Amino acid sequence: MSSQVTPESVSVAPTPMTPIQEFWHYFKRNRGAVIGLVYVVIMILIALLASVLAPHAPAEQFRDALLHPPVWQEGGSWQFVLGTDDVGRDVLSRLMYGARLSLLVGCLVVVLSLILGVIFGLLAGYVGGAVDATIMRLVDIMLALPSLLLALVLVAIFGPSIVNASIALTFVALPHYVRLTRAAVLVEVNRDYVTASSVAGAGPVRQMFVNILPNCLAPLIVQASLGFSNAILDMAALGFLGMGAQPPTPEWGTMLSDVLQYAQSAWWVVTFPGVAILLTVLAFNLMGDGLRDALDPKLKQ
């Protein structure tokens, strides 16, 4: 007597995940990365809507409220939730507008250094020979110098400004992307699909940018997320040293530099910009760890 097969007894194969679903599956397993992503999204929204959310203009001065304390401290008021600085500017408003500048500079530095680093890394890894030796020796020289010191020298040559500081930080971050791209290209260049493409008549440009580059993007994306935090931190350091954004531009590092002499008498003027830098850099680092877990095949179980 043959047993009857019912629809309930037939096991259905699980539906394969799309690349986006697979990425999110591994990314969300890292709770710190999810928290970092949420914080970064909130900061982006604050930066985009700073003109709407900020209670005051960033350069507006209230001469009758110099070094006004936060709202929860004795003498504070809801007009200035996080207090005011030494010239009566609202700290909360300047932090919101400073987020716009810090994220914009970080994005600019990462995009420029990533594009240039990918181009030089592809040339070094694919062409090889004298081109590889020349590019990598220049990279070694740049890596031999302290990054912040090199950025300070470049800004001192071109003059202190937010644009020159961004260019200097792009130049400083470039070697890391060159080395990472070159290492990934050297792994991919001898694979069968590259050889087959060469036999089919693909030229060097197509090989580098169409065939090889997409397979090298995973480590570059992780490095870019970590480079974002480094760019924000270095820009804050340049601003603190007076070589970045110039007053009265609302930038977190410059905000720290302007009120350093009031660190003991008015703790809020240095604490809140410092906390903003700390949390933003930490969020990008946590998000970078999650991207590494989600994009690195060796870490996937």
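Does Phe240 meet the test of being surrounded by 19 or more Cβ atoms within 10 Å (Cβ to Cβ), free of Cβ contacts under 8 Å to residues at least 24 places away in the same chain and closer than 27 Å to Leu112 by Cα?
Values: surrounded by 19 or more Cβ atoms within 10 Å (Cβ to Cβ): yes; free of Cβ contacts under 8 Å to residues at least 24 places away in the same chain: yes; closer than 27 Å to Leu112 by Cα: yes.
It is true that Phe240 is surrounded by 19 or more Cβ atoms within 10 Å (Cβ to Cβ), free of Cβ contacts under 8 Å to residues at least 24 places away in the same chain and closer than 27 Å to Leu112 by Cα.
Out of the residues in region 122-148 that are assigned to a helix (DSSP H, G or I) and under 20 Å from the mean Cα position of the chain (by Cα), which is farthest from Met235 (Cα to Cα)?
Let us first name the residues in region 122-148 that are assigned to a helix (DSSP H, G or I), namely 122-127, 129-144, 147-148.
Filter once more, keeping what is under 20 Å from the mean Cα position of the chain (by Cα): 143, 147-148.
On the way: Leu143: 19, Ser147: 12, Leu148: 10 Å.
Here the residue is Leu143.
Exactly one of (1) assigned to a loop (DSSP other than H, G, I, E, B); (2) closer than 19 Å to Leu278 by Cβ is unmet by Met235. Its number?
Among (1) assigned to a loop (DSSP other than H, G, I, E, B); (2) closer than 19 Å to Leu278 by Cβ, Met235 violates only (1).
Within region 38-52, does at least one residue satisfy the condition of being over 30 Å from Pro247 (Cα atoms) and touching a residue at least 60 places away in the same chain (Cβ under 8 Å)?
Initially, region 38-52 is screened for residues over 30 Å from Pro247 (Cα atoms), giving 38.
Checking the rest, the ones that are also touching a residue at least 60 places away in the same chain (Cβ under 8 Å) come to none.
No.
Given (1) crowded, with 23+ Cβ neighbours inside 10 Å; (2) of a type outside the set (Phe, Trp, Tyr); (3) in a helix (DSSP H, G or I), where does Ala245 come up short, assuming only one miss?
(3)
What are the residue pairs meeting all of these: first residue in region 67-87, first residue farther than 15 Å from Leu256 by Cα and among the hydrophobic types (A, V, I, L, M, F, W, C), second residue surrounded by fewer than 12 Cβ atoms within 10 Å (Cβ to Cβ) and at pLDDT 85 or above, Cβ atoms under 8 Å, and 6 or more apart or on different chains?
Final answer for the pair search is Val71/Trp78.
Taking the stated definitions as given, is Val110 surrounded by 15 or more Cβ atoms within 10 Å (Cβ to Cβ) and in a helix (DSSP H, G or I)?
Working: surrounded by 15 or more Cβ atoms within 10 Å (Cβ to Cβ): yes; in a helix (DSSP H, G or I): yes.
The answer is yes for Val110.
Looking at region 255-276 only, could you name the residues that are free of Cβ contacts under 8 Å to residues at least 60 places away in the same chain, under 25 Å from Ser225 (Cβ atoms) and crowded, with 19+ Cβ neighbours inside 10 Å?
Leu256
Do we find that Arg179 is among the basic types (Lys, Arg) and touching a residue at least 24 places away in the same chain (Cβ under 8 Å) in this structure?
Working: among the basic types (Lys, Arg): yes; touching a residue at least 24 places away in the same chain (Cβ under 8 Å): yes.
Answer is yes for this residue.
Could you list, in sequence order, the residues of region 152-171 that are part of a helix (DSSP H, G or I), more than 20 Å from Ala224 (Cα to Cα) and in contact (Cβ under 8 Å) with a residue 40 or more places away in the chain?
Leu152, Val155, Ala156, Ile162
For region 72-82, how many residues meet the condition of being of a type outside the set (Ser, Thr, Tyr) and more than 21 Å from Ser51 (Cβ to Cβ)? Break it down stepwise before answering.
Here is the first cut: in region 72-82, the residues of a type outside the set (Ser, Thr, Tyr) are 72-76, 78-82.
Retained after the next criterion (residues that are more than 21 Å from Ser51 (Cβ to Cβ)): 72-76.
Total satisfying the criteria: 5.
One residue is enough: does region 14-32 have a residue meeting the conditions in contact with a helix residue (DSSP H, G or I) (Cβ under 8 Å, 6 or more places away or on another chain), modelled with pLDDT of 85 or more, surrounded by 10 or more Cβ atoms within 10 Å (Cβ to Cβ) and not charged (D, E, K, R)?
Yes, region 14-32 contains a residue that is in contact with a helix residue (DSSP H, G or I) (Cβ under 8 Å, 6 or more places away or on another chain), modelled with pLDDT of 85 or more, surrounded by 10 or more Cβ atoms within 10 Å (Cβ to Cβ) and not charged (D, E, K, R).
Could you say whether any residue in region 184-194 is out of contact with any helix residue (DSSP H, G or I) (no Cβ under 6 Å at 6 or more places or on another chain) and acidic (Asp, Glu)?
Yes; the residues of region 184-194 include at least one that is out of contact with any helix residue (DSSP H, G or I) (no Cβ under 6 Å at 6 or more places or on another chain) and acidic (Asp, Glu).
For region 88-106, indicate whether the set of residues that are among the hydroxyl-bearing types (Ser, Thr, Tyr), under 15 Å from Ala57 (Cβ atoms) and touching a residue at least 12 places away in the same chain (Cβ under 8 Å) is non-empty. Walk me through it before giving the result.
Let us first name the residues in region 88-106 that are among the hydroxyl-bearing types (Ser, Thr, Tyr), namely 93, 97, 102.
Then keep just the ones that are under 15 Å from Ala57 (Cβ atoms); that gives 93, 97.
After this cut, where a residue has to be touching a residue at least 12 places away in the same chain (Cβ under 8 Å) as well, the list is 93, 97.
Yes, the conditions are met somewhere in region 88-106.
Being surrounded by fewer than 21 Cβ atoms within 10 Å (Cβ to Cβ), of a type in the set (Val, Ile, Thr) and within 22 Å of Leu241 (Cα to Cα) is the filter here; which residues of region 131-166 pass it?
The answer is Val153, Ile157, Ile162, Val163.
Here is a yes/no grid of residues against (1) farther than 21 Å from Val281 by Cα; (2) crowded, with 16+ Cβ neighbours inside 10 Å; (3) at pLDDT 85 or above:
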| residue | (1), (2), (3) |
| --- | --- |
| Gly121 | yes, yes, yes |
| Gly125 | yes, yes, yes |
| Ala168 | no, yes, yes |
| Arg179 | yes, yes, yes |
| Ala184 | yes, yes, yes |
| Ala202 | yes, no, no |
| Gln207 | yes, yes, no |
| Asn215 | yes, no, no |
| Met235 | no, yes, yes |
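The values are calculated or read from the model by the stated rules, or taken from the named source; none is laboratory data. Since this is a predicted model, take the numbers as computed values, not measurements. Cβ coordinates were reconstructed from backbone atoms using ideal geometry, including for glycine residues, and neighbour counts include every protein chain displayed.
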